[in-house]
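Enquirer: Take a look at this one; I'll ask things after.
Here, each number is a calculation from the coordinates, and none is a lab measurement. Computed from a predicted structure; not experimentally measured. Here Cβ is always computed from backbone atoms with ideal geometry, including for glycine, and neighbour counts include all displayed protein chains.
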Amino acid sequence: MPQAINLAEKLTKFSDHWSPKIVSGFNGHDIMVVKVKGEFNWHDHADSDDFFLVLKGSIRIETEQGNVTLNPGELYVVPRGVKHRPVAEEEAHLLLIEPAGLPNTGDDATAAVKEAI
């Protein structure tokens, strides 16, 4: 029987920051939720854009071309190859969509392990 995915409920299942959790898939892409706080490292993705949708809180996406502040219900797509880092002064909750298997830092050696919940 088909069931809706409740993102708020999924976000109650973990407390760690910067560790995306896969909640579904879509045409070869992972749909993930993540809790963030503080600064992530500067990185880029050579072969993929980076999609951020804020569910709760606010974040700043810093790029070499300037910064973008996102509040609940707002999204931003970082174009492929653009160096960036997300920053959250307070805990924020995000929805991320990226190709399945893509390391969240653009580098397998430094990427967080993604688990399905």
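Enquirer: If the limit is 21 Å between Cα atoms, which of 13/37; 13/83; 13/35 go over it?
Expert: Working: 13/37 17 Å; 13/83 31 Å; 13/35 11 Å.
The pairs that break the limit, which is 21 Å between Cα atoms, are 13/83.
Enquirer: At R0 = 35 Å, how high is the FRET efficiency between residue 65 and residue 89 if r is their beta carbon distance? Nearest 0.05 is fine.
Expert: Values: r = 21 Å, r/R0 = 0.61.
Rounded to the nearest 0.05, the efficiency is 0.95.
Enquirer: Would you give the gap between the C-alpha center of the range 22-48 and the C-alpha center of the range 77-94, rounded to a whole Å?
Expert: The range 22-48 and the range 77-94 have Cα centres spaced 9 Å from each other.
Enquirer: What number, rounded to the nearest 500 deg cm²/dmol, is the helix-based mean residue ellipticity at 222 nm of the chain, given -39500 (n - 2.57) per DSSP H run of at least four residues and division by all its residues?
Expert: Details: 1 runs with 5 residues, N = 117.
After summing the helix terms and dividing by residue count, I get -1000 deg cm²/dmol.
Enquirer: How much length is gained on full extension from residue 82 to residue 17, taking 0.36 nm per residue of separation minus their Cα-Cα distance? Don't jump to the answer; show the numbers that get you there.
Expert: Working: separation 65, 0.36 × 65 = 23.40 nm, distance 2.29 nm.
Result: 21.1 nm gained on full extension.
Enquirer: Okay, next question. Taking a point 7 angstrom from the Cα of residue 24 along the C-beta vector, which residues in the range 86-100 have backbone N less than 20 Å away?
Expert: 93-100
Enquirer: For the range 22-61, what is the convex hull (Cα atoms) projected area averaged across all directions, in square nanometres? Numbers along the way, then the final one.
Expert: Numbers: hull surface 14.9 nm².
Mean projected area for the range 22-61: 3.7 nm², to one decimal.
Enquirer: Further, regarding this structure: Ignoring the sites themselves, what is the longest stretch of the chain with no chymotrypsin sites (Phe, Trp or Tyr not before Pro) in a DSSP loop and at most 16 other beta-carbon atoms within 10 Å?
Expert: Working: sites that count: 14, 42.
Result, exposed sites excluded: 43-117.
Enquirer: Please sort by residue number the GluC sites (Glu not before Pro) in the range 1-89 whose DSSP state is loop and whose Cβ has at most 12 other Cβ atoms within 10 Å. Display every interim value, and only then the final one.
Expert: Numbers: sites: 9, 39, 62, 64, 74, 89; in loops: 64, 74.
Sites meeting the loop and neighbour criteria: 64.
Enquirer: What ³J(HN,Hα) values, in whole Hz, does the Karplus curve 6.51 cos²θ - 1.76 cosθ + 1.60 give for the range 8-14 when θ = phi - 60°, with x put for Gly and Pro?
Expert: Each residue's phi maps through the Karplus curve to give 4, 5, 4, 5, 7, 7, 8 Hz.
Enquirer: Under the Karplus relation 6.51 cos²θ - 1.76 cosθ + 1.60, θ = phi - 60°, what is the ordered set of whole-Hz ³J(HN,Hα) values for the range 72-85, x standing for Gly and Pro?
Expert: Per residue, the Karplus-derived 3J(HN,Hα) values read x, x, 9, 10, 8, 10, 7, x, 3, x, 8, 5, 7, 8 Hz.
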